[in-house]
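Only one structure is covered here, and it is reproduced in the block below.
The values are calculated or read from the model by the stated rules, or taken from the named source; none is laboratory data. On a predicted model such as this, the values are computed, not experimentally measured, just so you know. All Cβ positions, even for glycine, are placed from backbone atoms using ideal geometry, and neighbour counts span all protein chains on display. Remember, those area values only see protein heavy atoms, side chains included, never the ligands or the DNA or RNA. Shrake-Rupley method; radii C 1.70, N 1.55, O 1.52, S 1.80 Å.
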Amino acid sequence: MNAVASWAGRRWVRIVVAFAAILVAVALLQPWWLAPVVAHRFAAASGRSVEVDRLWFGLTARLEPVLHARGVRIANAPWADTARPLADVDEATAIFAWRSLVDDHTVLRMLVLRRGRVDLERQADGRRNWRLRHPDDRGPGRVRIMALRADNADVRFVDGGVDLVVEATARPADAGGDPALPMRIEARGAWRGIDFAAGLLSGDELTFLGSGRSFRLRGHLEAGGARLEIDGRAADVGDLDDDASIDAELALAAPSLAPFRAVLGPGHEEARPLRVAGHLRAADRNFTLSALKASVGRTDLAGEVSIARRDDRRVIDAQLHSDSTHVADLLWLVGRGDAAPGRKASGPDAPADRWRGTEGTVRFDARRVHAAAFADLQGLRLTAALADGRLKLSGIDLGVAQGHATGEATVDLNRSPPQTDAVLGVSGIRLEALWRNQSPAKRVTGLLQARARVRFAGSSADALMASLSGDVDAALLDGTISSLLDAEMGLQGGKIVRSLIGGSQALAIRCAHAALVVKRGVATVRTLLIETERTRTTGGGTVDLADRTLDVVLTPQALQGGLFVLDRSIRLRGPLLKPSHALVDRAAPAKAACAA
């Protein structure tokens, strides 16, 4: 306890002594002799030309130390752009915060620049051209600027560590404009090879760190064909990870994701218009975009998205709705739309790297869903939760052909490529709605029911199919089959002729059941049974999902007498959608019972 009291006492002594020293300095340090002394000292330490016409200390109305300078001219570092001076400013004023006395950093509550230009450069190795006393110091910065006010000033900033170059000018706004926006800022530059330009109106000061003071902001930023418009208030924008505060309306329009490759990485070059609008609020490391209205290609989105920073994690929470969703648009948005077949994710684009340190939940529902390969999709609902590099999809409900495909899946993003385990179910899907182009003479109808438990991994459709393993069980309820197709499948010549002459009729399917075991992309038919009042057909064989081929043998058995019945089996072999047909020696009928 005594040690704590002693430390506190020493701290107050330091503050009182420093305050007294400042008062003495204000009284003694006059502009006619202080400027040349300070200029000579900094020139000797930095090895550069330093000139200051006048320099003096004072106190503000709040009794804060303030340093005034006029006619400041400082040559640039020898490794920087020597054609530009570090500073050539008519007037500069620095107001010091009292906490500089006890803080590890020198804190400037306000820096004011009038009529001049400043060139700030930082190399990737940490060297900074504005360090005059210790020019080779590569350590962290020792000066923090809380707010900046510029009047007819030009500032250039180069950061080799993040490949950023920006040149900005600050001028008074046009007379007759909004009095809350007295300053006009024009900026242009490049970040990681992407050129950008900005035009902004703002308050008379910009706050960067720990000030707690907000300023008005209105304007736009353009880069690579994308345009961002903003109108609102912001505070302490130099510290997005802690003190930053934003309350503004945003509107973004872009022809593709290519302008954002500096953040997203390479790819996303396919042209697909993107629009996002909403109200952004940021405070206490939390960012929320509410009243969200967005479009991606032909997909519309609405809802709310929030992102919170917690220690070293990024937590996302989103509720999104869509009236019309196109699957191709969503695949493009997550970086899969322009992926070539067989392309593998690696390096910074690998999912494990892209989502490391991120967790959260996204709830999504769409009234209509469109996909090129499926013409009869309805709505979609699902919840996606990401934690510890594992993405869990639950509550999946996709409307398909008057029925539903439901289930859940877990994607392990820590693996390369990601591995997915899924349990899926199908109920009430009308087979005739899936196969709209069936010939009436060979029509099959019914309600498809199925369940599957599968595992797969890969970064392309071919790789996914080649890795697929699991089991699938399917049945057709309340089904019918045309009498012609039933006769052909049963190799019953007399009934084929009767159907051709008298017309094909719909026969009830008593039982249709299939069970498959899949291992590394090859499905082995464990059970295959189709039974009508006239024919019972069983089968077996394999389906190669990766090559999209099959080799299956069907063995029919007539349940009614008839003419010209062939005692053979049928072999289907070749491409999955158009296999060849051949009669082969009769195989023994499989012992199969219809599933309940």
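Below, the figures for the structure above:
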quantity	calculated
Restricting segment 429-473 to trypsin sites (Lys or Arg not before Pro) in coil, as DSSP defines it, with at most 16 other Cβ within 10 Å	ARG436
Surface share of carbon and sulfur [accessible, 1.4 angstrom probe, percent] for segment 158-295	57
Sparsely packed trypsin sites (Lys or Arg not before Pro) within segment 104-161, loop by DSSP, other Cβ within 10 Å at most 13	ARG133, ARG138, ARG142
Those aspartates and glutamates that a straight Cα-Cα span of less than 17 Å connects to LYS392, excepting residues fewer than 8 apart in one chain	ASP317, GLU359, ASP365, GLU408, ASP412, ASP421
Centre separation in Å (Cα based) which lies between segment 459-504 and segment 204-243	63
Hits among lysines - C-alpha to C-alpha of LYS442 under 20 Å, sequence gap 8 or more where chains match	LYS495, LYS578
Rule-of-thumb Rg ratio for the chain [Cα; 2.2 N^0.38 Å; N residues]	1.46
About the Cα centre, charge dipole magnitude for segment 127-281 (Lys/Arg +1, Asp/Glu -1 at Cβ), debye	340
Prolate/oblate/rounded label for segment 524-596 (Cα gyration tensor, a/c 1.5)	oblate
Counted charge near ALA515, where neighbours are those whose Cβ lies closer than 11 Å (Asp, Glu -1; Lys, Arg +1)	0
Percent accessible area from carbon and sulfur atoms, segment 35-133, protein chains only, probe 1.4 Å	53
Summed side-chain charge close to ASP204 - residues other than ASP204 whose Cβ falls under 10 Å, Lys, Arg +1, Asp, Glu -1	0
At least 18 Å along the helix axis (C-alpha) and Kyte average at least 0.0, DSSP helices within the chain	2-28, 31-46
Coil-residue trypsin sites (Lys or Arg not before Pro) of segment 493-577, DSSP, other Cβ within 10 Å capped at 16	ARG520, ARG548
Surface per residue (accessible, 1.4 Å probe) for segment 381-462, Å²	53
